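Read through the structure below, which is laid out as C-alpha cells, and then see the notes.
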Amino acid sequence: MMVAAFSIAAVMFGGAVDSSQAKKMLAQPVRVSTKVDRPLLIENGGQQEVVIQVTIDGLVRKRVRRSPLNLAVVLDRSGSMGGAKLEQAKQAALMLVEQLDEDDVFSLVVYDTEVDVLVPAGRIGNKRKNLRRMIERIQTGGSTALYAGVKTGGQQLMEFISRKRINRVLLLSDGLANVGPKSNREITSLGQRLARQDVSVTTIGLGDSYNEDLMTALAEASDANYYYVDDVEMLADVFRQELGELQKIVARDLIIEIKFPKGVIPIEVMGREQAVSGQRAVIKFAQISAQQKRQLLVRCRVNPEQYEKQQAVADVIINYQDTQLGDGLAREIRADVRVGWTEEKSLALAAIDREVEVEAALCQNAIESEKTIAWSDKGDTEKACANISAQIIKMSAFSAVAIPSLQKEIKAEIETLKANQKDLQSGQLNKAGRKQMQLNVYKKSNSK
C-alpha cells in the first residue's frame, strides 16, 4: 500500500480577520516554505532519518517606505592601511555617503593606536559636502585599537538608537587587534552586548593579515554580515552590497520555532549548536531583506512505532516585526511539514528530493571544513588532509545529482578544497586559503 507523499507550507493566522487585516496579510514581508529530503518513508522500516529544509524569503513590497538607517562606519587607519588600501576605503565611504537618504544617520570613527570620532552621529541632511571633506582628509597612523573602535562606533549609534531605524556598525580592518582588549572572547562579548542594544556589527576583513576567527565571531554575535576582501579594488562593491541589503530590510527580530511531535526525534539544526532542546528548536535571525533567502536544515529521526502518521513531522512558527508598517506589532506565520508512507523501497528512493539532499551535503561540508581548520591550526596536517580528501569524494558524488545552480556551487567548493589540500601537503593552510574556507563556513552556518 502507498500513501501519497506531500510537504506543505501553509501560511496561517489565527482567528477571524477583517478586510484591513486581510490586506496586511497579503502584504506580508516574508514567506516560509518547507521540504524534506525523504518525502516518502518506508512502512515497517524502523527509525528513518530525514532532513527538513525551512526556507524564509524576504519579499519585495511596492510603495512602502524603507526604514531609515543609523550607520556608524568604523575604519582602520593603522599603518598597514597605507597606500591603495586607505584610498579605496575612503572611496567606498564616499560612495556610501552619496547613497544615503537625508533622514539616515551617519557617523564615522577612525582608529589606529587611538580612536577619533571624525563625524559625530547626525542626520545626513545637507551635510554631504562637509562629510566628503572629512573622509578625504583621513591619513594613516599607528597600531590597531579594534575593540575601542567598535565600542566607540556603538556609542555613536546610541544617540539615535531606535526600533524604527536599522542600527548597524560597519567595521573595516586589515590587521590584528593589538591595542587594548584583543582576544576573540573579549571582542565577541562586545558584539553580544551591542546586539542586546539592537545593534548589529558587519565586519569586513581586508587582505590576509587580519584575524578571521575574530571577525566572523563579531559578526555572528549579532547575525550581521562578514566579508573577506582579498582585492582592495572590490571594497566599493562590498560597501554597495552591504548598503543595498540594509536599505531593503523588510523584517527584523525573527524567531523561528520548530516543534516536533512524539515519535520525531530532533538531532540538530545543521551548523547551529545548541539550537535543539527537547522536542523543539529555536533559531533567531536579526533581520531579512527583500529578495534575500535564508535557509535552515534540520536533521531528525522518525520512529514509526511512536509517530501518528496523520500528524506533521514538524510545525514551524515564525514571529517577527515588520519594519515597513511601523506599528511595532509582532506578526506570525506558520508552516507544517508532512511525509507520506509506502511499503515499496523503490518508491521511497524515487521520491528523494535531490535538491534538499545536496543542500544538506553542502552544509555538512562546511561543518567538516571547520574541523579541517582546527586540525590545521593544531599542526595535524595528516588528519586535515584526510578530511579534505573525504570531503572531495563526497562533494564529487553529489555533483552528479545536483541541479545546475548547485553544481556550480559544488564545483567551487571542490576547487577550494583541492587548493587547500595542496597547501596542507606543503605544511599548513596558507592565510588566503584559511580565510576563504572560513568565509564558506560562515555563510553556510549562518544562512547567508
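Of all residues in region 88-95, none satisfies being under 25 Å from MET234 (Cα atoms), without any contact (Cβ under 8 Å) to a residue 24 or more places away in the chain and surrounded by fewer than 22 Cβ atoms within 10 Å (Cβ to Cβ). Of all residues in region 220-239, those being in contact (Cβ under 8 Å) with a residue 60 or more places away in the chain, of a type in the set (A, V, I, L, M, F, W, C) and buried (at least 18 other Cβ atoms within 10 Å of the Cβ) number 5. Taken over region 194-219, the criterion of being among the charged types (D, E, K, R) and surrounded by fewer than 20 Cβ atoms within 10 Å (Cβ to Cβ) is satisfied by ARG196, ASP198, ASP208, ASP213. Those strands (runs of 3 or more DSSP E) of region 205-300 in which at least 3 residues are touching an Asp or Glu at 6+ places or on another chain (Cβ under 7 Å) and closer than 17 Å to VAL30 by Cβ, considering only elements entirely within it, cover 280-289. Taking region 1-115 and the strands (runs of 3 or more DSSP E) fully enclosed by it, the elements with 3 or more residues that are under 30 Å from ILE267 (Cα atoms) and modelled with pLDDT of 95 or more are at 30-36, 48-58.
Exactly one residue out of ALA412, ALA402 is within 27 Å of ARG272 (Cβ to Cβ) and either outside any helix (DSSP H, G or I) or assigned by TED's automatic domain parsing to the domain that holds VAL54 (or both), and it is ALA402. Do we find that ASP76 is acidic (Asp, Glu) and either assigned by TED's automatic domain parsing to the domain that holds CYS300 or touching a residue at least 60 places away in the same chain (Cβ under 8 Å) (or both) in this structure? When the stated conditions are applied, ASP76 passes them.
Can you find, within region 388-412, the residue that is nearest to the chain's Cα centre (by Cα) among those that are among the charged types (D, E, K, R) and closer than 21 Å to ILE352 by Cβ? Filtering region 388-412 for residues that are among the charged types (D, E, K, R) and closer than 21 Å to ILE352 by Cβ, the one nearest to the chain's Cα centre (by Cα) comes out as GLU409.
Scanning region 168-183 for residues that are outside any loop (DSSP other than H, G, I, E, B) and either at pLDDT below 90 or over 22 Å from GLN197 (Cα atoms) (or both) returns a single hit, SER173. Taken over region 99-120, the residue count meeting the criterion of being more than 25 Å from the chain's Cα centre (by Cα) and either surrounded by fewer than 20 Cβ atoms within 10 Å (Cβ to Cβ) or of a type in the set (D, E, K, R) (or both) is 10. On inspection, VAL358 qualifies as of a type in the set (Val, Ile, Thr), crowded, with 21+ Cβ neighbours inside 10 Å and touching a residue at least 12 places away in the same chain (Cβ under 8 Å). Only residues that are in contact (Cβ under 8 Å) with a residue 60 or more places away in the chain and either crowded, with 19+ Cβ neighbours inside 10 Å or assigned by TED's automatic domain parsing to the domain that holds VAL199 (or both) were counted across region 254-271, and they come to 5.
The values are calculated or read from the model by the stated rules, or taken from the named source; none is laboratory data. The shown structure was predicted, so the numbers you read here are calculated from the model rather than taken from an experiment. Cβ: placed from backbone, ideal geometry, glycine included. Neighbour counts: every protein chain shown.
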